[in-house]
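The values are calculated or read from the model by the stated rules, or taken from the named source; none is laboratory data. What you see is a predicted model; the values in this text were computed from it and never measured. For neighbour counting, all protein chains shown are included, and Cβ atoms are generated from backbone atoms with ideal geometry for every residue, glycine included.
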Amino acid sequence: MTVLLTYNPRYFVRVKYLLRKINRQLNLKKFWEQDNGNWHWLKEKPTPIVSLNRSIWRLSVPSFSFHFMLGLSTIIATLGLLANSAAVIIGAMIVAPLMGPIVGMAYSTAMGNRRLLRRSSFTVLKGILLTIGVAWIVTSIIGLETRDAEIMSRIKPTLIDFGIAMAAGAAGAFANTRRSISSAMPGVAIAVALVPPLSVVGIGLAQGEAEIALGALLLFVTNLICIIFFGSLVFLFQSYGNLERAKKGLAMSTAVMFLLGIPLTLSMRELIITTNVRQRVEDFIIYETNTFANTDINSIVVTPRQGYLQVAIEAAAPLDSISQKQIEQVQSALAQLIGTEIYLDVAVIPMRRLTAPNN
């Protein structure tokens, strides 16, 4: 053996490599036998039903803390909406405690607990009225007539908002059943956005804009129904409750979602049309026409009408730089490009530039 190892160094290296490999495999086998994943203390278990009952009942009671925090979050959200500040609005979503009783409605639907359903529904109703009232008062006191992007983005909900509410409702219910991920609840509150739509309702009422108030209310109702329905399904999937007891509440939620789907689908169709048409109009104006070559385009708004599309363009340009004939030619070209009748409305803001001489 000594002779073999002495005169065959390659064989010696090979044996050494095999020994290391066998040792490594034995170590891995030992590691797998010791740490094969049977760590019972790390296995995640659902929250016991007694603890979950106590927690959800606590969230569903209209306590002083609930009203106080909801009022403050409404003030923050309303001021953020009026100031067109997304960061402030996100802060209001985190502070708002309205998600708790809505999850309570989902849980009571799954459990068939009418007493909890009445209590959580009453809490949600009080929260709705409080939020709208506080937003109305704050807007009236400030007296600011504004319809910025943060407000307008909440008055025409679409199927996209339906999908967001669906996922957020399921996430909110699941987070309540797992203590290890309970910290995810603020993220759920941000995603579903309950207080800002209600604040927009109050702003719309204070400004006398029924269209704004109704559109934002539709968004809130969409969020509410989706959280209840899909939250109930998550609870049922984890054996909280009984399908026989829950079928009546689920049937009512399904009917309401079907009704909500009609305006949401129409809004989604309008959103697709306006987005696509606006992009084509913008590309045409910038790259394929000289009419607006010497202008600064401030905005392009596309609005679907009955049988035609209204395209409103606001541009800053030198006085008399755009003629009526040019606008008619652009309108005709746009109608041919898009394949439908176009009503073009161009607002030209006279532009005069003054430059101070260098000293």
Of residues in the stretch 273-311 being β-branched (Val, Ile, Thr) and part of a strand (DSSP E or B), the one surrounded by the fewest Cβ atoms within 10 Å (Cβ to Cβ): 301
Hey, residue 320 loosely packed, with under 12 Cβ neighbours inside 10 Å, farther than 29 Å from residue 174 by Cβ and modelled with pLDDT under 80 or not: yes
Search result, residues across the stretch 312-337 that are within 26 Å of residue 272 (Cα to Cα) and in a strand (DSSP E or B): 312, 313, 314, 315
Residues of the stretch 236-254 satisfying the condition of being in contact (Cβ under 8 Å) with a residue 40 or more places away in the chain, out of contact with any Pro (no Cβ under 9 Å at 6 or more places or on another chain) and closer than 16 Å to residue 169 by Cα: 236, 249, 250, 253
Qualifying positions in the stretch 96-136 - without any contact (Cβ under 8 Å) to a residue 12 or more places away in the chain and surrounded by fewer than 18 Cβ atoms within 10 Å (Cβ to Cβ): 114, 115, 118, 125, 129
Matching entry among 55, 73 (being within 30 Å of residue 146 (Cβ to Cβ) and either at pLDDT below 80 or surrounded by 15 or more Cβ atoms within 10 Å (Cβ to Cβ) (or both)): 73
Helices (runs of 4 or more DSSP H) within the stretch 77-150 that include 1 or more residues of a type in the set (Gly, Ala, Ser), in the same structural domain as residue 248 (by TED's automatic domain parsing) and farther than 26 Å from residue 238 by Cα: 86-95, 114-142
Filter pass, residue 201 being aliphatic (A, V, I, L, M), within 24 Å of residue 47 (Cα to Cα) and in contact (Cβ under 8 Å) with a residue 60 or more places away in the chain: no
Search result, residues across the stretch 250-304 that are in contact with a Lys or Arg (Cβ under 7 Å, 6 or more places away or on another chain) and within 30 Å of residue 231 (Cα to Cα): 267
Candidates 309, 344 - the one that is within 28 Å of residue 216 (Cβ to Cβ), in contact (Cβ under 8 Å) with a residue 12 or more places away in the chain and not assigned by TED's automatic domain parsing to the domain that holds residue 157: 309
Residue match in the stretch 159-166 (condition: of a type in the set (A, V, I, L, M), more than 22 Å from residue 258 (Cα to Cα) and in contact (Cβ under 8 Å) with a residue 12 or more places away in the chain): no
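Yes or no, residue by residue, for (1) more than 19 Å from residue 148 (Cβ to Cβ); (2) modelled with pLDDT of 90 or more:
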residue	(1), (2)
194	yes, no
201	no, yes
206	no, yes
213	no, yes
221	yes, yes
235	yes, no
238	yes, no
241	yes, no
247	yes, no
Subset tally (residues that are hydroxyl-bearing (Ser, Thr, Tyr) and closer than 25 Å to residue 327 by Cβ) for the stretch 243-285: 2
Some residue of the stretch 336-346 being over 30 Å from residue 160 (Cβ atoms) and touching a helix residue (DSSP H, G or I) at 6+ places or on another chain (Cβ under 9 Å): yes
